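Structure first, commentary second.
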Amino acid sequence: MKRKLLLCLSLLLLTGCAGEASMTLTPKKLKTQTENVLHILNWNGKFYDFQGREPIKQATFQTWSLTKDGAWEPIGTSEELIHEKSKASFALSVGNDIRDGYNVAVADDAFQKAESGNFAPVERSIATMPWERRIYWTDGGAVVYGQPIPLLYQMDAVYCYEEFHGDLWKNPKEFLEMGWQAYTEEDWHISCITVTFEQE
C-alpha cells in the first residue's frame, strides 16, 4: 500500500513539474465591447497570450508559402519582436493578403509598453478574387522551443479546409493529396504566419 501511495505521489510531482516547465500560447479573451468595435472597424487580427516559467530569448515571426510539392518555404523577412520575457501578450493583424505584410504589436498585460513590426512585401504571381480567399486563425497550443507555431493560414482558391482534421503545418502533403485545390495546380496558393520561441 505504501509503495502504491509513493508511486502516485511521484507521478503527481512529475506531472506538476512538467506542467510548470511548459509554455503555452493561447488566444486572449477580449471584452465583448472590444470585439464589437474591432468587427465594425473590419479589423482582421487576433490577440494571443504566452506564459512560461523561464524567460525566452526571443520570439520570431515568419511568413511561409506552401510549394506545389508540399513543402513549407519561408518568404519575406523574419521579425524578432519579443525578447527576454516569460509572459506577454501580442496582437497580430493582416490586411487583404498576408503576403503584402502583417503587423505585430507586443506588449505587457496592460498593453502599456509595446513594440511593433511589419515584414517586407512579397511579390505575387497570381491574382486572387476576394471571394476565393479564406483566412483561418489557430488557437496556438503548447510551445516547443525552436519549432514554428502556425498562427494563421491563408487559402487562395482552396476549398473544404474545414473538413481536414489533420495538422496542415506538420502534414501538408496529406492535405494536398485530398485534391481540394481549385482549377489547376497553378491557381491555388497557401500561406502561413508562424511564431517561433527560442530559449538559446
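Name the single residue, out of those in segment 19-53 being part of a loop (DSSP other than H, G, I, E, B) and without any contact (Cβ under 8 Å) to a residue 24 or more places away in the chain, that is surrounded by the fewest Cβ atoms within 10 Å (Cβ to Cβ).
The qualifying residue surrounded by the fewest Cβ atoms within 10 Å (Cβ to Cβ) is N42.
Need the failing condition index for I56 against (1) open to solvent by less than 60 Å² (accessible area, probe 1.4 Å); (2) outside any loop (DSSP other than H, G, I, E, B); (3) at pLDDT 85 or above, just the number.
(2)
Which one is least open to solvent (accessible area, probe 1.4 Å), of the residues in segment 68-111 that are in contact with an Asp or Glu (Cβ under 8 Å, 6 or more places away or on another chain) and in a loop (DSSP other than H, G, I, E, B)?
S86
Can you find, within segment 139-159, the residue that is most open to solvent (accessible area, probe 1.4 Å) among those that are free of Cβ contacts under 8 Å to residues at least 40 places away in the same chain and among the hydrophobic types (A, V, I, L, M, F, W, C)?
Residues of segment 139-159 that are free of Cβ contacts under 8 Å to residues at least 40 places away in the same chain, as a first pass: 144, 153, 155-159.
Applying the additional criterion that residues be among the hydrophobic types (A, V, I, L, M, F, W, C) yields 144, 155, 157-158.
Details: V144: 74, M155: 0, A157: 2, V158: 4 Å².
Here the residue is V144.
Would you confirm whether any residue within segment 121-130 is at pLDDT 90 or above, in a loop (DSSP other than H, G, I, E, B), farther than 21 Å from T60 by Cα and open to solvent by less than 70 Å² (accessible area, probe 1.4 Å)? Outline the logic, then answer.
To start, the set of residues in segment 121-130 that are at pLDDT 90 or above comprises none.
Within segment 121-130, not a single residue is at pLDDT 90 or above, in a loop (DSSP other than H, G, I, E, B), farther than 21 Å from T60 by Cα and open to solvent by less than 70 Å² (accessible area, probe 1.4 Å).
Which one of these does S65 not meet: (1) open to solvent by 40 Å² or more (accessible area, probe 1.4 Å); (2) farther than 14 Å from L25 by Cα?
Looking at each condition in turn, S65 falls short on (1).
Among the residues of segment 63-75 satisfying the criterion of being in contact (Cβ under 8 Å) with a residue 24 or more places away in the chain and under 28 Å from Q51 (Cβ atoms), which is farthest from the chain's Cα centre (by Cα)?
Among those that are in contact (Cβ under 8 Å) with a residue 24 or more places away in the chain and under 28 Å from Q51 (Cβ atoms), it is W72.
The values are calculated or read from the model by the stated rules, or taken from the named source; none is laboratory data. Since this is a predicted model, take the numbers as computed values, not measurements. Virtual Cβ from ideal backbone geometry, glycine too; neighbours counted across all protein chains shown. When the accessible area is computed, the model is the full protein with side chains, heavy atoms only, and any ligands, DNA or RNA have been set aside. Shrake-Rupley method; radii C 1.70, N 1.55, O 1.52, S 1.80 Å.
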